[in-house]
Structures are given as C-alpha cells and as structure tokens.
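Notes follow the structure.
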Amino acid sequence: MAYDLKLRVWRGDAEGGDLTDYTVEVSEGEVVLDALHRLQATQTGDLAIRWNCKAGKCGSCSAEVNGRPRLMCMTRLSDFDPAETITVTPMRTFPVIRDLVTDVSFNYEKARELPYAELGPRDPDGKRRMMQVDVERGQEFRKCIECYLCQDVCHVVRDHEDNKQHFAGPRFFIRYAELDMHPLDTHDRRRLAQDAAGLGMCNITKCCTEVCPEGIRITDNGIIPMKERVVDRKYDPLVWLGNKIGLRNRDDDGRTEV
Amino acid sequence: MATTDHGVTSPGRAHIEARTLRQDRWWQSPLATFVVFSGFVVFATIRAFMGRDYYATPYLSPFYSPCLGDCVEGASDFGQPFAWWPLSAALIILVFPLGFRMTCYYYRKAYYRAFWLSPPACGVAEPHTSYSGETRFPLILQNVHRWFWYAAVVVGLVLTFDVVLAFRPMPAEYALGDGETSGIHMGLGTLLMLVNVVLIWLYTLSCHSCRHVVGGRLRHFSKHPVRYRLWTWVSRLNTSHGRWAWYSLFSVAVVDFYIFLLATGRIQDVRFF
C-alpha cells in the first residue's frame, strides 16, 4: 500500500546547509534508501547519496536516521509511523562533502597506523596451521563491513574533534583485539593500542555495539578484552609477580612489541 | 554560520545546531539509572554508617560481612582484628565490594551515561568541552578492576559462609513450637541470603576480568582445553553481566533491610523449619 512519506533531509556542504522538507510516495516493504532514491529520481536530481549494495553488506549508505546512526538500506519504513516525519542527516562525526555524503578518510588514516599481522616461520612442510577453535574467535570481528557507524557514534571523537588525532576508534580496537588474539601473529600491540591508538580514551559506554549493523559485540568481545590485555602488561600485580618467579604465561612467547 | 571548535558543530561537519535529532525517549534509561543508583547510594551510606542493627541471629547483613570491627556478639565469625576501629565495621570491608562495582565495566557504562552524561545516550552530544577518558588520574584507576575482582571472590566466599551459618540450629529462645533446637534451621532470612549469594556469584563470575583471567587472555585456546571450557562458561554468563549487576544490587539491599527490620524488632522472621 503506497502512502506519502514526510522526509526531512539535510542538504548542503561544508560551507553550510539545512534540513529541507519533502513529501515522497513510498510503498510497503521499502527502506529509507528507497525513499531517498525516489526523491532523487522525482524531485531532487542533485541529491548526493553514497550507496552500493542495498543489502547491508557494503557499508556505504551510513547516515543518521532520526538522530541514530543507521544503514539507510537496512532501515525499514515499517519501523516508523506512516504519519511520522523521518529526518535523515549525514554522519555528524565526519566532515561533510555534500548532502548525505561525508569524508570518512579519517578511518583510512587510522587503518594505516595499525601494523598488520607478522606471522612466524612456517612448519617444516611449508604450511602454517591454526586449530579451528583458535580461528573461530576472530571470525566475529571479520564480519565488520566498515560502515563506520561505530566510529560515527563514538562520543570520544563525535563530541571532541581534537581527540581524532590520538584515538583510533572502536572499528580499529576490534582489529587490534583480533590481531592480539591471532595464534600466529608475532607482534605485541598492547602498548601501541594503549598509547598511540588511545584505547584508554574509551569509557566503554557501548554505543558502538548498539549501532553495529553486523551485531558484533564490539565492547564485550573486542574493546574490553583488549583493555584487559593492557592491564596484564601494565597494571596487574599477580602477572608481574608471575613473571618474576617464573610462573609466566607462555602463551605470549615469540611476540615482540611494536 | 554558528560553529564552535569542538563536537558535532565543529567546522567542516554538517551544520546542525541540535545536539541530537533523536525523537525517542532516550533520556528514560539514564534517568532511571540515576534515580535507582542514587537511591541505593543513600540507603547504603545510611546503613553503613549506622553501625548497628546489622545482626539478627543467625543472619548477618552483607554490608557488614565479614564483621571485623567492634561488632555485636555472634556477628564476628573471623575475629575482630579491627576492634580498635572507632567507626562502623561496615566501612572496613565495604571498600572492596564498592570498589569492585565502581570499577565494573557494566557500572562504568551506566554511571558515565547517567551521572556524567558522557554521553547521556548514543547520538546525544555530551555537555563537556574536553574529554580524556580513562587516561588520567583518577579514572586511570579503573584499570585496577581486576584487583577488586580478586577481593570480590574472597567476599563472595565469606557471604557463602554466612549463608551456611544462616542454616544453623537456633538457640533455645528462638526455637519453634515445643522448644526443639536441633537440626538445621531455615527462615525467610536464610532464603533471602541464599538468593543474594547466588546473584552475587553470578555477578562476580560473569565479570569481564574473570572472563579474561580464566581464559580470555590466551591466544591458543586449543592448547588449554580446560581454560577454554571455563572461558565459554564465563562468556555465557558475561552476556547478562548487567542484569546480574542490577539483581545483586537489589538483593544486597533487600537482605540488609530485612535484617534491619529483624534486628530492630519491627518484624519476626518467617520460619520454614
């Protein structure tokens, strides 16, 4: 059943802009991105939107719908009252390019600062082996589609532009965690995560987990375990004592600090 | 264009004056947390400083256990090494469960949102102009959560012992019916203490630090099958850590209040056997 949807869309660029009201016809079963595409096709041919797969897997159409970071292609219109006005804005943490498109290069810069896995020597037969149970742990983090909604909602950079320089953000903390849990990696990134990546800036208020469209438990399975690993290295008296008297956790053998 | 040099109105970002465009009742959750936590803090502070009405044979309030100060007769099962302590005996030991909860990853989320508004809710701008997270004193001390977890395990054992004692045969003056005093006893207080200690253990064992210590710190689960199994159990509990935090907070208060009512003679214990 078709009905007229009231949309309020942010239009503008880095110089300025405003919320503009539109009415667009939508049908049952459609998502916010469908409505914006129809708006673009029928009324505002110059409306800028970044999108690609329309299936919640490419992470391109990140925006804020009624103030909440969402993938536009995964936000069903049926979740809203038909009489309600739906407000769509670009992600408010990143510089805007035009309309709903933002410049997310901050994230690529942070990705470049993160040392990739450095694997140890191969087995005598030239292969590398990992047990399935060790592989599975990191798989949750591999589901990340890099939509950067977690980076967008994180108040550390959303509310404090000056923190961007020293804070990698939740998307990269789960990357740190994934690599730190990697059974074959030889890098020890704990100091790097705490100092350069700003893990200590995170106050674990869990908004990243709330907005993740892939349902990754970013805080519980990534950030907090990484914080605990930093505690192992810097703040735990029993770990320190264990190292002194030879009861060392040999699970970390073969790693060097980066 | 009105912009400031921080936050969602920083230059270069989409110019939107509103600190949030959320239309739902995002303020409900932090407000409820604020009210309930504040209520608990007021109640616990009053009870901790009272220094009396914390023991009603055979029940000892969890706020005062172990009772190491100058406690009433029957309350000190581990002696009175701090008998010289001039203030309430609760103040000697409450620092451990208090520290455990204050540094708990769940409580941190709750009170950073509800009390410090940092942020009040997701996508709602916080009022502060600067932010250093947990990198400086005093918040860098959140990293000692694991130390408090070690202490919380000991406190959990003591509270478990208290529950065992709460099954003790009652003295003659408390006996039921024909004056029997033999055999174990169980009253509503015993049941409340039992429920409380179960919730305390669920909260303590579902802790993120516990999850890390038992196996989370490993990189090779395959080489440590027992620790891996323990980690999977704790991980399962950990998904409800926030729920156990709330339930155990309530249960501690309920047990203490019940014992307070008994100790002041306002009610009689309901005896099951």
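Readers should treat all values here as calculations from the given coordinates under stated rules, not as data from a laboratory. Everything numeric in this text was worked out from a predicted model, so none of it was measured. A quick note on method: Cβ atoms are made from the backbone with ideal geometry, for glycine too, and the neighbour counts reach across all protein chains shown.
Observations on the structure shown:
- Taking amide H as placed 1.01 Å from N in the peptide plane, the amide H of A:R70 sits under 5 Å from that of A:A63, A:E64, A:V65, each at least 5 places away or on another chain.
- Shielding score for B:125-138, defined as the mean number of other chain Cβ atoms within 10 Å: 5
- HN-Hα J in Hz across segment A:41-58 - Karplus 6.51, -1.76, 1.60, θ = phi - 60°, x for Gly and Pro: 6, 10, 10, 10, x, 9, 5, 8, 9, 9, 7, 8, 8, 6, 9, x, 10, 9
- What you get for segment A:105-257, charging only the Cβ of Lys and Arg (+1) and of Asp and Glu (-1), is a dipole of about 260 debye around the Cα centre.
- Across the protein assembly as shown, Cα-Cα distances exceeding 40 Å account for 37% of all pairs.
- Considering only A:D152, A:D103, A:D125, the Gaussian network model of chain A with Cα springs below 10 Å gives its largest mean-square fluctuation to A:D125.
- Here the sum of -39500 (n - 2.57) over DSSP H runs of 4 or more residues, divided by the residues of chain B, equals -14500 deg cm²/dmol at 222 nm, to the nearest 500.
- Between the C-alpha center of segment A:167-196 and that of segment A:204-250 there is a gap of 10 Å.
- Among complete DSSP H helices in chain B, those whose alpha-carbon atoms stretch at least 27 Å along the helix's long axis and whose mean Kyte-Doolittle hydropathy reaches 0.5 are B:28-50, B:145-165, B:241-263.
- Value of relative contact order over chain A, rounded to a whole percent, pairs C-alpha under 8 Å and six or more apart: 16 percent
- Range of Cα positions in segment A:39-145 per principal axis (Å), largest first: 66, 30, 23
- With Cα atoms as the point set, the radius of gyration and Dmax of segment A:108-203 evaluate to 15.2, 53 Å.
- Cα-Cα pairs of segment A:82-142 separated by more than 18 Å (percent): 67 percent
- Shape annotation for chain B: C-alpha extents along the principal axes are 85, 51, 39 Å, from largest to smallest.
- Two-site label geometry, A:A55 and A:E84: point separation in nm, points 7 Å out along Cα→Cβ: 2.8 nm
- Estimated FRET transfer efficiency when R0 is 35 angstrom, pair A:D21-A:D162 (beta carbons, to 0.05): 0.50
- Shielding by other protein chains, A:67-74, mean Cβ within 10 Å: 3
- Rg and Dmax over the alpha-carbon atoms of segment A:170-258 stand at 13.9, 46 Å.
- For chain A, the extents of the C-alpha atoms along the principal axes are 72, 42, 29 Å, listed from largest to smallest.
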